[in-house]
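J.: Following this message is one structure expressed as structure tokens.
The values are calculated or read from the model by the stated rules, or taken from the named source; none is laboratory data. Computed from a predicted model, the values in this text were never measured in an experiment. Every residue, glycine as well, gets a Cβ built from its backbone with ideal geometry; the counts of neighbours run over all protein chains shown.
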Amino acid sequence: MLTYINIKNFAIIKELEVDLQPEMTVLTGETGAGKSIIIDTLELALGGRTDASLIRSGTDRSEITLTFDLTNLKHVRDLLIEQEMECKNECIIRRIISSDGRSKSSINGNPCTQQILRNISELLVNIHGQHEHQALLNPERQRELLDAFADNKFIATKVKQLYNSWLKIKKELTVLENTAQDHPTKIDFLTYQLKELESIDFSAPNLENLRTEQKRFSNTEQITVNLNAALDIISEDENAAVIRGLYSAKNKLEKYKEIDPNIASTLELLQNAIIQTQEASSTIRQNLNSIEFNEDRQKQVETQLTHIYDLAHKHQVQPQDLPEVQSNLEQQLKNLKTITIQLQKAQDTEKELEKLYLEAANELSLKRKLATTKLNQLVTTKMQVLGMVGGKFAINFLPNINKDFGANGLERIEFLVSANPGQLLQPLNKVASGGELSRISLAIQVITAEKEVTPTLVFDEIDAGIGGKTADIVGQLLRKLSASAQVICITHLPQIAAQGHHHIQIKKTAHTNDTEVTLTTLNQNERVNEIARMLGGIKITAQTLAHAKEMLKY
């Protein structure tokens with residue numbers, strides 16, 4: 001339970017602290033005294049959105065500290081230990097808001113994220129605001145209240161998680177299906193293209209060999225003619241053969257080598273020329289003998305080259321780039337086959353998640369329907385007690401709009417009410433007046449609060465729009481509720497304030513340069529005066545005081 005509140009430099013509060021007790025504590029004060037500020041600080045300390053404008057004027061930061069007794073809250077102690085936050089039957093939450101809009105939170109002196117803070121806070125405090133009756137018109141809030149009454153938190157969370165997982169895999173499936181659209185046709189086409197490429201050797205060495213063979217076949221006749229002509233010039237022509245001339249020159253100089261020493265060196269050159277010419281002649285003859293025109297081989301070479309050039313033209317590349325084309329096609333085919341596997345896997349996962357979702361969602365629907373019967377009876381009964389004699393309450397289940405699945409289950413929740421005898425049940429937002437809506441909201445809040453395991457329940461002026469006998473009954477309901485949880489109630493009705501076990505007065509005092517807000521725990525006599533003030537206004541008479549004492553049963 002909440003045992004201590006300390007507030008520094010928040011709004012008009014300079015510094016304020018208060019100790020709180022078990023059972024029911026009421027907070028009262030004149031309009032504008034600062035009652036709503038207490039709720040604002042609680043919500044902010046427990047993880048609400050920060051607002052630098054709420055920092056007291058002239059200061060650079062605001063600080064709020066809450067202390068909770070965890071003696072009977074083992075599950076909270078275990079969670080704090082799990083988060084490595086020291087815990088000795090106490091939880092101290094501190095939130096500091098700086099003028100630059102930044103904030104820092106800590107639990108038992110350990111810095112923590114806002115998510116961890118909210119997770120802990122949900123187990124400690126539940127605040128029922130004064131505008132709850134307006135929120136009750138929201139279908140989302142109606143569903144939340146039903147699930148709270150039915151203890152559906154675990155299964156509702158499971159449904160939402162399964163739905164989000166299912167939705168994620170559905171999106172992945174859409175991407176895969178778009179990618180794999182017509183992929184059987186694409187696979188067939190790629191396979192056909194690869195078979196074409198694999199049917200011929202277009203490797204660089206083979207391509208070079210084929211081109212060389214093609215050139216040779218194309219020039220066989222001309223090569224033969226020129227080789228024969230060269231052979232004639234070198235050795236075959238009887239009258240003008242080069243080799244004959246070399247021999248003739250050598251013979252003419254032989255007889256003079258003894259006379260002129262320089263001729264000996266010339267003879268040696270001529271001899272070398274004769275030898276090289278003979279070798280050249282021999283090589284030419286070998287080339288002539290090796291030339292063989294093979295028409296079949298020529299056709300084969302031409303066919304292979306034509307096929308290679310056609311494939312290159314088809315893929316819009318040069319012939320030497322065909323190996324890269326083949327590699328790319330092989331990778332594309334591999335990717336398509338991988339997508340097929342991924343698609344099948346995603347389809348299997350989607351079916352499994354759909355099955356798990358439906359199992360959980362149907363379980364949630366069943367629990368809701370079972371709880372609905374009881375909640376209908378309880379709220380209807382409370383409506384009679386709260387002055388709506390003959391009124392009825394019912395919960396209607398509607399299908400989800402435009403889809404079967406939803407993050408919150410298979411149905412939408414709609415609260416129906418008949419405020420007067422003989423009226424048909426209709427949606428809450430169509431038939432309930434402001435006062436009726438406030439009382440229906442109060443009935444639902446009190447009933448659902450009885451199901452709460454949260455140790456501290458805060459009610460912020462939820463008694464708006466009621467009075468008289470109904471206010472007495474509301475006070476009794478809240479006092480009864482405090483037997484199982486700490487109840488803190490901000491109220492402007494004396495009938496409710498009189499039901500509190502403890503009473504704190506909120507007072508605002510204006511000074512020359514600032515305004516001071518104080519919280520005072522009232523004793524018995526002070527309570528009589530405060531209840532009398534709430535009953536009689538400015539002038540407190542003996543009759544008013546007597547009435548206050550009677551209400552407090554003194």
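J.: Would it be correct to say that Glu238 is modelled with pLDDT under 70, exposed (fewer than 13 other Cβ atoms within 10 Å of the Cβ) and not aromatic (Phe, Trp, Tyr)?
T.: Spelling it out, Glu238 is indeed modelled with pLDDT under 70, exposed (fewer than 13 other Cβ atoms within 10 Å of the Cβ) and not aromatic (Phe, Trp, Tyr).
J.: Okay, moving on. Residues in the range 176-194: is at least one within 30 Å of Gln331 (Cα to Cα), of a type in the set (A, V, I, L, M), in contact (Cβ under 8 Å) with a residue 60 or more places away in the chain and touching an Asp or Glu at 6+ places or on another chain (Cβ under 8 Å)?
T.: Yes; the residues of the range 176-194 include at least one that is within 30 Å of Gln331 (Cα to Cα), of a type in the set (A, V, I, L, M), in contact (Cβ under 8 Å) with a residue 60 or more places away in the chain and touching an Asp or Glu at 6+ places or on another chain (Cβ under 8 Å).
J.: Taking only pairs six or more apart or across chains, which ones have beta-carbon atoms under 6 Å, a first residue in the range 88-108 that is of a type in the set (Gly, Ala, Ser), and a second residue that is part of a strand (DSSP E or B)?
T.: Ser98/Arg61; Ser99/Ile55; Ser103/Ile97; Ser105/Arg95; Ser106/Arg94
J.: Identify the residue in the range 471-510 that is among the β-branched types (Val, Ile, Thr) and under 46 Å from the mean Cα position of the chain (by Cα) and, among all such residues, is farthest from Thr456 (Cα to Cα).
T.: By that ranking, first place goes to Ile506.
Let's see how each residue does on (1) within 28 Å of Leu173 (Cβ to Cβ); (2) of a type in the set (Lys, Arg); (3) in contact with a helix residue (DSSP H, G or I) (Cβ under 9 Å, 6 or more places away or on another chain); (4) in a helix (DSSP H, G or I):
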| position | (1), (2), (3), (4) |
| --- | --- |
| Gln332 | yes, no, yes, yes |
| Lys337 | yes, yes, yes, yes |
| Thr349 | yes, no, yes, yes |
| Leu356 | yes, no, yes, yes |
| Asn362 | yes, no, no, yes |
| Arg368 | no, yes, yes, yes |
| Val379 | no, no, yes, yes |
| Ile401 | yes, no, no, no |
| Leu416 | no, no, yes, no |
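J.: Let me ask another. Counting just the residues of the range 519-554 that are surrounded by 17 or more Cβ atoms within 10 Å (Cβ to Cβ) and closer than 19 Å to Asn6 by Cα, which one comes out nearest to the chain's Cα centre (by Cα)?
T.: Leu519
J.: Looking at Val487, is it modelled with pLDDT of 90 or more, outside any helix (DSSP H, G or I), hydrophobic (A, V, I, L, M, F, W, C) and touching a helix residue (DSSP H, G or I) at 6+ places or on another chain (Cβ under 7 Å)?
T.: Spelling it out, Val487 is indeed modelled with pLDDT of 90 or more, outside any helix (DSSP H, G or I), hydrophobic (A, V, I, L, M, F, W, C) and touching a helix residue (DSSP H, G or I) at 6+ places or on another chain (Cβ under 7 Å).
J.: So which of Glu530, Glu526, Glu516, Glu550 ends up being assigned to a helix (DSSP H, G or I), on the phi < 0 side of the Ramachandran plot and in contact with a strand residue (DSSP E or B) (Cβ under 6 Å, 6 or more places away or on another chain)?
T.: None of the other options fit; the residue is Glu530.
J.: Same structure again: Restricting attention to the range 507-526, which residues are closer than 28 Å to Leu442 by Cβ, modelled with pLDDT under 90 and among the aliphatic types (A, V, I, L, M)?
T.: Val517, Leu519
J.: Additional query: Please pick out the residue among Val385, Val458, Val446 that is in contact (Cβ under 8 Å) with a residue 40 or more places away in the chain, surrounded by fewer than 17 Cβ atoms within 10 Å (Cβ to Cβ) and either out of contact with any helix residue (DSSP H, G or I) (no Cβ under 6 Å at 6 or more places or on another chain) or of a type outside the set (Asp, Glu) (or both).
T.: Val385
J.: As an exercise: evaluate Glu436 against (1) loosely packed, with under 14 Cβ neighbours inside 10 Å; (2) over 30 Å from Ala360 (Cβ atoms); (3) touching a residue at least 12 places away in the same chain (Cβ under 8 Å) and give the number of the one condition it does not meet.
T.: Only one criterion is unmet by Glu436, namely (1).
J.: As an exercise: evaluate Thr372 against (1) surrounded by fewer than 18 Cβ atoms within 10 Å (Cβ to Cβ); (2) of a type in the set (Val, Ile, Thr); (3) assigned to a helix (DSSP H, G or I) and give the number of the one condition it does not meet.
T.: The single condition Thr372 does not satisfy is (1).
J.: Determine whether the range 143-162 contains at least one residue that is surrounded by 13 or more Cβ atoms within 10 Å (Cβ to Cβ), at pLDDT 75 or above and touching a strand residue (DSSP E or B) at 6+ places or on another chain (Cβ under 7 Å).
T.: Yes; the residues of the range 143-162 include at least one that is surrounded by 13 or more Cβ atoms within 10 Å (Cβ to Cβ), at pLDDT 75 or above and touching a strand residue (DSSP E or B) at 6+ places or on another chain (Cβ under 7 Å).
J.: Now for a separate question. What's the number of the condition Leu425 fails, among (1) of a type outside the set (Ser, Thr, Tyr); (2) modelled with pLDDT of 95 or more; (3) in contact with a strand residue (DSSP E or B) (Cβ under 9 Å, 6 or more places away or on another chain)?
T.: (2)
J.: Looking at the structure I just gave you, is Asn126 touching a strand residue (DSSP E or B) at 6+ places or on another chain (Cβ under 7 Å), without any contact (Cβ under 8 Å) to a residue 40 or more places away in the chain and surrounded by 14 or more Cβ atoms within 10 Å (Cβ to Cβ)?
T.: Considered against the rule, which asks whether it is touching a strand residue (DSSP E or B) at 6+ places or on another chain (Cβ under 7 Å), without any contact (Cβ under 8 Å) to a residue 40 or more places away in the chain and surrounded by 14 or more Cβ atoms within 10 Å (Cβ to Cβ), Asn126 comes out as no.
J.: In the range 26-53, which residues are surrounded by 17 or more Cβ atoms within 10 Å (Cβ to Cβ), touching a residue at least 40 places away in the same chain (Cβ under 8 Å) and more than 19 Å from Thr113 (Cβ to Cβ)?
T.: Residues satisfying the conditions are Val26, Leu27, Thr28, Gly29, Ala33, Gly34, Lys35, Ile37, Ile38, Ile39, Leu42.
J.: Quick test for you: out of Lys549, Lys539, Lys553, pick the one residue that is touching a helix residue (DSSP H, G or I) at 6+ places or on another chain (Cβ under 6 Å) and of a type in the set (D, E, K, R).
T.: Exactly one residue qualifies, and that residue is Lys549.
J.: Say whether the condition of being farther than 24 Å from Glu17 by Cα, among the small types (Gly, Ala, Ser) and surrounded by fewer than 21 Cβ atoms within 10 Å (Cβ to Cβ) is met by at least one residue in the range 479-489.
T.: Yes, the conditions are met somewhere in the range 479-489.
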